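The values are calculated or read from the model by the stated rules, or taken from the named source; none is laboratory data. Just so you know, these numbers come straight off a predicted model, no measurement behind them. Backbone-built Cβ (ideal geometry, glycine too); neighbour counts: all protein chains shown. Heavy atoms of the whole protein, side chains included, go into the accessibility calculation; ligands, DNA and RNA do not. Shrake-Rupley method; radii C 1.70, N 1.55, O 1.52, S 1.80 Å.
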Amino acid sequence: MSQDDRDIEKGDPGKEFEPIEPTTSSETTLATPAEPYEALSKEPDVTAVGAPCSNSEDVIEVFRGRRHPSRESHASRSSGNSQQTDDDDEAHDHQVPTHRTRSRAQSSTRSVKREAVKVPVSERRGLFARLCIFAEVIEPYDYSRGKKWFITFIIACAGAAAPMGSSLILPALQDIERTFKVDATVVNLSVALYMLSMSIFPLWWSSFSETLGRRTIYIVSFALFVVFNALAAVSPNIAMFIVMRCLSGGAAASVQAVGAGTVADVWEVKERGRAMGIFYLGPLCGPLISPIMGGALSQSLGWRSTQWFLAIFGALLCAFILFALPETLRRKKQFAAAAVQEVEAVVETDEEKSGSGRPQLTRTSTRQSVQVQTRKYWVMARRAFVDPLRIILYLQFPAVAVSVYYATVTFASLYVLNISIQQTFSSAPYNYSSTIVGLLYLPNSAGYVFASIFGGRWVDAIMHREAKKAGRYDENGKLKFRPEDRMKENAWFGAILWPAAIITYGWTAEFGESIAAPMVANFFFGIGSMLIFALATTMLTEFMPRKASNGVALNNFVRNIFSCVGTIIASPLINAIGNGWLFTIIGIVALISGIATIWAMKTYADRWRVGMDARMEKAMGE
């Protein structure tokens, strides 16, 4: 890495890269905006753009990544108009920040639409890359809009697989109980451990994608998804069924880790917000339609048909990816080379401490070579399997811990509610069929969609209002936003609405009231809980602008673990104390948690935020 690159990596404003595109006299250098606080003073993680209700384009300035140097020769042979620069030594992955300076004219629109420069078939990357009908290109931004939307569509469909698998069998849980002759608590493990695997596996899928590329990860993970669901469909006992369900959830969760990065690979920042919104429709629509499909399948063809459906769906996705999704990662991370550098640095330090007088490894002994090789494999294994778990260390920061805690309480309550719907309405006095039980999950989903559409606009208006009221403008006259601005009347509304709704559901279900009463309560639960989900997720991305993907991964990790716990204990608690008291306890805990969170953010958020970015890097050893 050159000195200039190191200066840029450290944020030295005095160093600039050479421009990517020809400049004109009308183009001016982009002024550095005044920063509202240190945590947002550096470049963000672009996956934050996909967060619900995010104002990332107004909060912080996002720069584009530079091009891959190793394939520049292909561009010069194929297109004389394509001007490229060398890439940073760091791997360019859109799940981590990238660095590029650009003019004001470039930030709003590209001056010239460049033709995509294709990579020769023999040099395409990814598993079975030659089978892909779409050519890999050097600069994914140069794909036509049609191809970009097609890639986004494929990833959105793939993103629906994991949440679909979690809720498809909910209406069929009672049928599975009868087949395997076990009680509800044991069967619920198939849902609980599925959620647990969805929380853990994405950490490693993300790590592997940096080395193997996105296409390879998708093909491998969905091939495994097909195999595990087929094995779940033919399981002769509950133990095998639960294990296969757990593994299938972990396989499908690859899109949670890599999907947003793929969308960010092909869409520039100015267009990425809409593309991310389309991508997230997949994970949203999965839980919306899967209980209905699961109920219809289990009633007409038996519960095993739900697992065959998932296997067929996974096979179709695998075929789509195999033939229509090119590699989009600009440069793969070289784990082996990085591991050797780390080991050599350690060996040099050890030699200096021992006084051997040979700090350089240009003439290493056989013993030293063996030492380096042995340590190299350990370091590679540690980076791939152990380092991803370090995101847990972010919980030491109060702003992160409070946001994750409140999101976890809300998400875990949702899965307790899911189990209650299945158990309550498939039994007396309701005794509904699997198909009808599947339809009873619609009010929650309708509430999520309603809050997603209108809640974002509401939060945007609140953010602008608060910034204007405080007179926060930068030197260019743009409003400066703060994460805690999001916790105003919208937060109070959500924090009161969903606990009240879930308590109402509990008692109306407990007394066997008309089905309309608990379903209306569930609709309002969906609205209130989605407001909180969006709020917490977006605040995390803004408290951690340079580590937004880590913040989202941490949130998924913690909330899915507690959702697993909630799914396991739901049935025994319903049997012990009933829906009324169970959801009253949950509602009271949620109400207290919401009030405490809003108060803490209003009182301490400014103090927590200042300097948190620098402390994060130090605490994480970066």
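Applying Stokes-Einstein at 20 °C and 1.002 mPa s to the Kirkwood radius of region 166-255, computed over alpha-carbon pairs, gives a translational diffusion coefficient of 158 µm² s⁻¹. Residues whose amide H lies under 5 Å from that of residue 137, counting only those 5 or more places away or on a different chain, are 119; hydrogens are built 1.01 Å from N in the peptide plane. Once the Cα-Cα distance is subtracted from the 0.36 nm per residue extended length, the residue 581 to residue 324 segment shows a gain of 87.3 nm. Between residue 131 and residue 457, the modelled labels are 4.5 nm apart [label points 7 Å from Cα along Cα→Cβ]. Checking every one of the trypsin sites (Lys or Arg not before Pro) in region 152-229 against DSSP loop status and a limit of 16 other Cβ atoms within 10 Å picks out 181.
Dimensions of region 393-621 from C-alpha coordinates, computed as largest minus smallest value along each principal axis and given longest first, are 65, 37, 28 Å. Among 569-578, 314-323, sorting by the average number of other beta carbon atoms lying within 10 angstrom of each residue, highest first, gives 314-323, 569-578.
Here region 137-190 and region 484-506 have alpha carbon centers that stand 28 Å from each other.
Net length available on complete extension from residue 591 to residue 382 is 71.1 nm, with 0.36 nm assigned per residue and the Cα-Cα distance removed. Taking only protein heavy atoms and a 1.4 Å probe, the accessible area of region 117-339 is 73% carbon and sulfur.
Convex hull volume per residue, computed on the Cα atoms of region 117-339, equals 126 Å³. Annotation: peptides 407-418, 446-457, ranked by per-residue average of other Cβ atoms within 10 Å with the highest first, follow the order 407-418, 446-457. A crude spin-label estimate for the pair residue 271 and residue 514, with each label 7 Å from Cα along the Cβ direction, gives 5.1 nm.
Sorting 377-386, 226-235, 162-171, 459-468 by their mean Cβ neighbour count within 10 Å, with the most densely packed peptide first, gives 162-171, 226-235, 459-468, 377-386.
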